[in-house]
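Visitor: Quick one: the structure is below, and I'll ask about it shortly.
The values are calculated or read from the model by the stated rules, or taken from the named source; none is laboratory data. Note that the structure is a prediction, hence the values are computed from the model and not measured. Reconstructed Cβ throughout: ideal geometry from the backbone, glycine too, with neighbour counts over all protein chains shown.
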Amino acid sequence: SLPNMYFLVKLLAQIITRTFFKNVTVLGKERIPLYGPVLFVGNHMNQFVDAAMLIAIFPRQIRFLIAEASFKRPIIGRLAQSAGCIPVQRPQDLRYRGIGGLIWSSSSDVRIRGIKTRFKIDVKFQDTLIIDDLGVSRKVLEVVSDDEIIIDKGIGTEYSATYTDGFPFFIMPKIDQSTVYEEVSDAMRNGHSIGIFPEGGSHDRTTLLPLKPGVAVMALSSVLEGAEDLLIVPVGLNYYEPHKTLSSAVVEIGQPIPVTLELAQKYEESPSDAVKELLSMVEKGMNSVLLSARDYTTLTCIRLCVQLYPPDRTALSQDNYYLLHQLFSQFFWALHDDPELEHLRKDLCEYEDTINHYGVPDREVWQLKQPVYECIKLIITKFLLLILVSIVGGSFFPLWAPIRYIPAFMAERHRKKALANSKVKIRGTDVLASYRILVIIALLPMLTVFYGIFFSLAFMHGQNLNSKIATVIGVFIILPPIFYISRVSFEMIMPLTRNIRTLFYVVVSNINYLRGTERTLLHMRIKLQQKIRDLVYTKGPQVSPNFIQSFTTVVPDAVIQADNKRINYSLGEYVPVVTRAKYDAREEIL
């Protein structure tokens, strides 16, 4: 039977997602099967937050597969047990340093010898041998003696004599996962749902890691053991700055993939072929619900294109904003070798560097066109709002400051450790949000109880014990929502300050006509808008026949064409003063 504490875990997950993220949009929720056996497969970019997100938004109970190392941790382990999670031993968690060193005669030699090794004790059949210095891992086929083993294929690199004691190596033991497979099959036969992240571990890359075959093996073996109408549902967890509080997230549910009896029977006859076929379908389904890019620079360019393509101040729904992001992701993948797109990338990077230099985010650049009287009115309005949020955010700041800075400090230390121990992480930002949340879960109750005791002792002299206990309980209940409101107000201070500064630039530029900062930004932005739209319309058909039509569902073609005329007409108005002579000369000729 499933654990009956799931509702508490779900409640906690909903609190976490609603307080940590500013908004979470769910697309394709109607594709979630409410009954029958389901394997939910998702990308893994935000460690424990990924599971919390799915628990919070999915209308049915999910049992997640979780690393046994995490299952044994104090807080997350308790929550995982309450949610009915299934612990899985991961080979990388059991990896250990081998004694001695390795040598080989040639790059293709499968017979490896050891110096001061004890292979009979340390290594077993099907274990994985890892040489970190070369980035090589090989399966062990036979342990011949304490100083000789046979691997599945050659190292691929000639032995270097500089390693006089042999290459240092690590061993990753082969693990029998039959118990896990049996538990998953049992859950599938009973019509439950299982959540799994088939990449194996969390990461901060901009693409999927190679999927582990375990998800396909579980699905096929479950069907063979009697699970009827089993579906695999891909889930895309797409975060905008996943490690930052009050950021946004989009969860897209993909089309369910049926695991047929015919494919399961093929698995009996040819396991590797059936697993590859199903794994290919799963990977295709997952890629269809992800916002991916070749690297972080390309991801930044895609996000800028999404902001620059629509006319200024167009109020796109979150669904359309996400669709536009998907379209530009496809555009950059399909045309990554195109010289014109590469030139656009350079221009976008230059624009990004320029707005970062001046401290004006792209979403505020349009405000540089505002008339002076509008800017003055907005400055006054936003300054009054800044005073209000400063009072609300600053009043309780000394009380909740430990909740802001202690978790951030500890999470950063954990990030560096995780990055050093990982071969797939780029920056290690995937662990930041989870670790901060775990520290807050532990710290917040202790801090509120401490404040409650302090207030009861400091301000309730002569009161009986019951009154003091009631005060502690009252403070424990009241302070968390006050902290949250104060924190949200505090987080508004910097954006408001930056916005006031942007509006102040407009006033200054009207006083000092020779000042070129604002015109430079506006001119760069308009030129980029023209270039992006031209490329979409000229190169779009190379991506797919209906590519342009997909764009017009987000922003109608008539709107884009009208805006093109508008920005083309206004382009000369925002030319920097130092280059205006060329435009004036051209106008004289015309």
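Visitor: If I ask for residues that are modelled with pLDDT of 90 or more, within 21 Å of the chain's Cα centre (by Cα) and over 16 Å from residue 540 (Cα atoms), which ones from region 302-319 would you list?
Guide: Scanning region 302-319 gives 303, 304, 307.
Visitor: Restricting attention to region 275-293, which residues are out of contact with any strand residue (DSSP E or B) (no Cβ under 8 Å at 6 or more places or on another chain), within 19 Å of residue 322 (Cα to Cα) and crowded, with 19+ Cβ neighbours inside 10 Å?
Guide: Hits for region 275-293 are 292, 293.
Visitor: Moving on. Can you tell me how many residues in region 12-40 are aromatic (Phe, Trp, Tyr) and more than 16 Å from the chain's Cα centre (by Cα)?
Guide: Our first condition is that a residue be aromatic (Phe, Trp, Tyr); within region 12-40, this holds for 20-21, 35, 40.
Now narrow it down to the ones that are more than 16 Å from the chain's Cα centre (by Cα): 35, 40.
Total meeting the criteria: 2.
Visitor: Looking only at region 426-470, count how many residues are among the basic types (Lys, Arg) and modelled with pLDDT of 90 or more. Steps first, please.
Guide: The first filter runs over region 426-470 and keeps only residues among the basic types (Lys, Arg), leaving 427, 436, 468.
Keeping just the survivors that are modelled with pLDDT of 90 or more gives 427, 436.
Count: 2.
Visitor: Looking for something without any contact (Cβ under 8 Å) to a residue 12 or more places away in the chain, closer than 22 Å to residue 564 by Cβ and over 20 Å from the mean Cα position of the chain (by Cα) - is there at least one such residue anywhere in region 323-336?
Guide: Of the residues in region 323-336, the ones without any contact (Cβ under 8 Å) to a residue 12 or more places away in the chain are none.
Within region 323-336, not a single residue is without any contact (Cβ under 8 Å) to a residue 12 or more places away in the chain, closer than 22 Å to residue 564 by Cβ and over 20 Å from the mean Cα position of the chain (by Cα).
Visitor: If we only count strands (runs of 3 or more DSSP E) wholly inside region 28-90, which ones have 3 or more residues that are within 27 Å of residue 255 (Cα to Cα)? Even if it seems obvious, please write down each step before you answer.
Guide: Working: elements: 38-42, 63-67, 86-88.
Output list reads 38-42, 63-67.
Visitor: State yes or no: is residue 415 in contact with a Phe, Trp or Tyr (Cβ under 9 Å, 6 or more places away or on another chain), touching a residue at least 60 places away in the same chain (Cβ under 8 Å) and basic (Lys, Arg)? Show your work before the answer.
Guide: On the way: in contact with a Phe, Trp or Tyr (Cβ under 9 Å, 6 or more places away or on another chain): yes; touching a residue at least 60 places away in the same chain (Cβ under 8 Å): no; basic (Lys, Arg): yes.
Considered against the rule, which asks whether it is in contact with a Phe, Trp or Tyr (Cβ under 9 Å, 6 or more places away or on another chain), touching a residue at least 60 places away in the same chain (Cβ under 8 Å) and basic (Lys, Arg), residue 415 comes out as no.
Visitor: Could I ask something else about it? Any residue in region 244-253 that is surrounded by 19 or more Cβ atoms within 10 Å (Cβ to Cβ), more than 25 Å from residue 55 (Cβ to Cβ) and not assigned by TED's automatic domain parsing to the domain that holds residue 362? Write out each step before concluding.
Guide: Residues of region 244-253 surrounded by 19 or more Cβ atoms within 10 Å (Cβ to Cβ): 249-253.
Restricting the remaining residues to those that are more than 25 Å from residue 55 (Cβ to Cβ) gives none.
Within region 244-253, not a single residue is surrounded by 19 or more Cβ atoms within 10 Å (Cβ to Cβ), more than 25 Å from residue 55 (Cβ to Cβ) and not assigned by TED's automatic domain parsing to the domain that holds residue 362.
Visitor: Looking only at region 330-360, which residues are assigned to a loop (DSSP other than H, G, I, E, B) and surrounded by 14 or more Cβ atoms within 10 Å (Cβ to Cβ)? Quick ask: steps written out before the conclusion?
Guide: So in region 330-360, the residues assigned to a loop (DSSP other than H, G, I, E, B) come out as 335-338, 359-360.
335, 338, 360, listed by residue number.
Visitor: How do the pairs read when you match residues in region 73-88 that are surrounded by fewer than 19 Cβ atoms within 10 Å (Cβ to Cβ) with residues anywhere that are polar (S, T, N, Q) and not in a strand (DSSP E or B), using Cβ under 8 Å and keeping only pairs 6 or more apart or on different chains?
Guide: Listed pairs, sorted by first residue: 77/70.
Visitor: Ok, one more. Which of the following residues is within 32 Å of the chain's Cα centre (by Cα) and not in a loop (DSSP other than H, G, I, E, B): 182, 142, 199? Spell out the reasoning first.
Guide: On the way: 142 fails: within 32 Å of the chain's Cα centre (by Cα); 199 fails: not in a loop (DSSP other than H, G, I, E, B).
182 is the lone residue from the list that is within 32 Å of the chain's Cα centre (by Cα) and not in a loop (DSSP other than H, G, I, E, B).
Visitor: Further question on the same structure: What pairs come up if the first residue lies in region 177-195 and is on the phi < 0 side of the Ramachandran plot, the second is surrounded by fewer than 16 Cβ atoms within 10 Å (Cβ to Cβ) and small (Gly, Ala, Ser), and their beta carbons are under 9 Å apart, counting only those six or more places apart or on different chains?
Guide: What qualifies is 185/226; 188/226; 189/226; 193/36.
Results for (1) in the same structural domain as residue 403 (by TED's automatic domain parsing); (2) crowded, with 20+ Cβ neighbours inside 10 Å; (3) under 31 Å from the mean Cα position of the chain (by Cα), shown as yes or no for each residue.
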{"site": "416", "(1), (2), (3)": "yes, no, yes"}
{"site": "419", "(1), (2), (3)": "yes, no, yes"}
{"site": "425", "(1), (2), (3)": "yes, no, yes"}
{"site": "431", "(1), (2), (3)": "yes, yes, yes"}
{"site": "449", "(1), (2), (3)": "yes, no, no"}
{"site": "452", "(1), (2), (3)": "yes, yes, no"}
{"site": "469", "(1), (2), (3)": "yes, no, no"}
{"site": "484", "(1), (2), (3)": "yes, no, yes"}
{"site": "488", "(1), (2), (3)": "yes, no, yes"}
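Visitor: If the Cβ limit is 7 Å and pairs must be 6+ apart or interchain, which residue in region 44-60 that is assigned by TED's automatic domain parsing to the domain that holds residue 200 and among the polar types (S, T, N, Q) pairs with which residue that is part of a helix (DSSP H, G or I) and at pLDDT below 95?
Guide: 46/430; 46/433; 46/434; 47/430; 47/431; 47/434
Visitor: Out of (1) within 19 Å of residue 431 (Cβ to Cβ); (2) in contact with a Phe, Trp or Tyr (Cβ under 6 Å, 6 or more places away or on another chain), the odd one out for residue 61 is which?
Guide: The number of the failed condition is (1).
Residues are listed down the side, and each one gets a yes or a no for (1) touching an Asp or Glu at 6+ places or on another chain (Cβ under 7 Å); (2) among the basic types (Lys, Arg); (3) under 16 Å from residue 148 (Cα atoms):
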residue	(1), (2), (3)
43	yes, no, no
53	no, no, no
56	no, no, no
113	yes, yes, yes
124	no, yes, yes
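Visitor: All but one of (1) modelled with pLDDT of 95 or more; (2) assigned to a loop (DSSP other than H, G, I, E, B) hold for residue 388; which doesn't?
Guide: Exception for residue 388: condition (2).
Visitor: Check region 291-303 and report whether any residue there is more than 30 Å from residue 362 (Cα to Cα), among the hydrophobic types (A, V, I, L, M, F, W, C) and either touching a residue at least 60 places away in the same chain (Cβ under 8 Å) or not in a helix (DSSP H, G or I) (or both).
Guide: Residues of region 291-303 more than 30 Å from residue 362 (Cα to Cα): none.
Scanning region 291-303 turns up no residue that is more than 30 Å from residue 362 (Cα to Cα), among the hydrophobic types (A, V, I, L, M, F, W, C) and either touching a residue at least 60 places away in the same chain (Cβ under 8 Å) or not in a helix (DSSP H, G or I) (or both).
Visitor: Can you name the condition, by its number, that residue 474 falls short on among (1) more than 26 Å from residue 305 (Cβ to Cβ); (2) touching a Pro at 6+ places or on another chain (Cβ under 9 Å)?
Guide: Result: residue 474 passes all but (2).
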